Amino acid sequence: MKTQLIFATNNEHKIAEIRSVIGNDFSIITLQEAGITIDIPEPHETLEANASEKSRTIYQMTNQHCFSEDTGLEVTSLKGAPGVKSARYAGEGRDFQQNIDLLLKNLEGKSDRTARFRTVISLILDGREILFEGICEGRIATDQKGLQGFGYDPVFIPDGATKRFAEMTMDEKNKYSHRKKAVDKLIQYLQTKDL
Ligand code: ITT
């Protein structure tokens, strides 16, 4: 039987991306499918602490294997911003377009446009937590293009590519993606466990 893991997120794009790479040995249950309708808190100053908060919250509610992830866009010339505040960069509305507009405005006149996405996954198996990280280096374009993906994808060009994430299919994004790299580590770890 497949091992079931609850994925502690309310972000449907993350669910689609992780389901595209998780493979056949594991099945991902969403919060919605688990009947959980809370808005999971993200009150901390690091991706690691927020990821832990989300997975621990769901583990305490369900007592089942679960994982969460927190992702930030870290822009070099903005001293790592928006970072852990990526979802709410332009305000509590969590609006992707407003976040992109503010990012492009804050980068006006800056010659260094290097940036990276960093994903931290927090897995809780039988009550024990372990973290996995995935990083994708790249740069922020001066304008936006593409309709795929979500968040900052229309302005992010990963190193080694000429297109933005939002111009790529999910399979193409997975060749570069921070999330895919973190999930690969998660899967490798799960495969060493007798679940
Ligand atoms: P959960 O906490 O429910 O998992 P969330 O959308 O709040 O979902 P985060 O706190 O990790 O997720 O938010 C990070 C933000 O960073 C997200 O809202 C996007 O704007 C952006 N982001 C995350 N992953 C991204 C990706 O692969 N491509 C583009 N933008 C991304």
*If Ala87 satisfies every condition in (1) in a helix (DSSP H, G or I); (2) among the aliphatic types (A, V, I, L, M); (3) open to solvent by 30 Å² or more (accessible area, probe 1.4 Å); (4) more than 9 Å from the ligand (Cβ to nearest atom) but one, which is the exception?*
(4)
*List the number of the failed condition for Gln191; all other conditions in (1) modelled with pLDDT of 95 or more; (2) out of contact with any helix residue (DSSP H, G or I) (no Cβ under 7 Å at 6 or more places or on another chain) hold.*
(1)
*Go through (1) within 13 Å of the ligand (Cβ to nearest atom); (2) within 18 Å of Asp184 (Cβ to Cβ); (3) among the hydrophobic types (A, V, I, L, M, F, W, C) one by one and return the number of the condition Phe132 breaks.*
(1)
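Every residue, every condition in (1) open to solvent by less than 40 Å² (accessible area, probe 1.4 Å); (2) within 15 Å of the ligand (Cβ to nearest atom); (3) not in a helix (DSSP H, G or I); (4) not charged (D, E, K, R), yes or no:
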residue	(1), (2), (3), (4)
Gly80	yes, yes, yes, yes
Glu92	no, yes, yes, no
Ile100	yes, yes, no, yes
Lys105	no, no, no, no
Ala115	yes, yes, yes, yes
*Leu107 is checked against (1) without any contact (Cβ under 8 Å) to a residue 12 or more places away in the chain; (2) closer than 23 Å to Lys163 by Cα and fails just one. What number does that condition carry?*
(1)
_Please go through the range 146-189 and give me each residue that is open to solvent by 70 Å² or more (accessible area, probe 1.4 Å) and either closer than 19 Å to Thr9 by Cα or touching a residue at least 60 places away in the same chain (Cβ under 8 Å) (or both), ordered by number._
Met170, Asp171, Lys181, Lys185
*asked:* Restricting to the range 1-43, give me the number of residues that are under 19 Å from His178 (Cβ atoms) and either over 16 Å from the mean Cα position of the chain (by Cα) or acidic (Asp, Glu) (or both).
replied: 4
*Consider Thr62 carefully, then state whether it is of a type in the set (Ser, Thr, Tyr), surrounded by fewer than 20 Cβ atoms within 10 Å (Cβ to Cβ) and more than 14 Å from the ligand (Cβ to nearest atom).*
yes
*Of all residues in the range 117-134, how many are touching a strand residue (DSSP E or B) at 6+ places or on another chain (Cβ under 8 Å), open to solvent by 60 Å² or more (accessible area, probe 1.4 Å) and of a type in the set (Lys, Arg)?*
0
*Examine the range 151-160 for a residue that is part of a strand (DSSP E or B) and either in contact with an Asp or Glu (Cβ under 7 Å, 6 or more places away or on another chain) or within 11 Å of the ligand (Cβ to nearest atom) (or both), and state whether such a residue exists.*
yes
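Which members of the range 99-149 meet the condition of being within 30 Å of Gln4 (Cα to Cα), more than 21 Å from the chain's Cα centre (by Cα) and of a type in the set (Asp, Glu)?
Filtering the range 99-149 for residues within 30 Å of Gln4 (Cα to Cα) gives 117-136, 148-149.
Filter again for more than 21 Å from the chain's Cα centre (by Cα), leaving 126-128.
Once the filter is applied, which keeps residues that are within 30 Å of Gln4 (Cα to Cα), more than 21 Å from the chain's Cα centre (by Cα) and of a type in the set (Asp, Glu), the range 99-149 yields only Asp126.
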*Residues (closer than 17 Å to Phe150 by Cβ, within 11 Å of the ligand (Cβ to nearest atom) and not hydroxyl-bearing (Ser, Thr, Tyr)) located in the range 17-39*: Glu17, Ile18
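Is it true that Leu5 is touching a residue at least 60 places away in the same chain (Cβ under 8 Å) and crowded, with 20+ Cβ neighbours inside 10 Å? Lay out the reasoning, then the answer.
Details: touching a residue at least 60 places away in the same chain (Cβ under 8 Å): yes; crowded, with 20+ Cβ neighbours inside 10 Å: yes.
Answer is yes for this residue.
The values are calculated or read from the model by the stated rules, or taken from the named source; none is laboratory data. Everything numeric in this text was worked out from a predicted model, so none of it was measured. Here the Cβ is made from the backbone with ideal geometry for all residues, glycine too, and neighbour counts use every protein chain on show. Note: accessible area is taken over every heavy atom of the protein model, side chains too, but ligands, DNA and RNA are not part of it. Shrake-Rupley method; radii C 1.70, N 1.55, O 1.52, S 1.80 Å.
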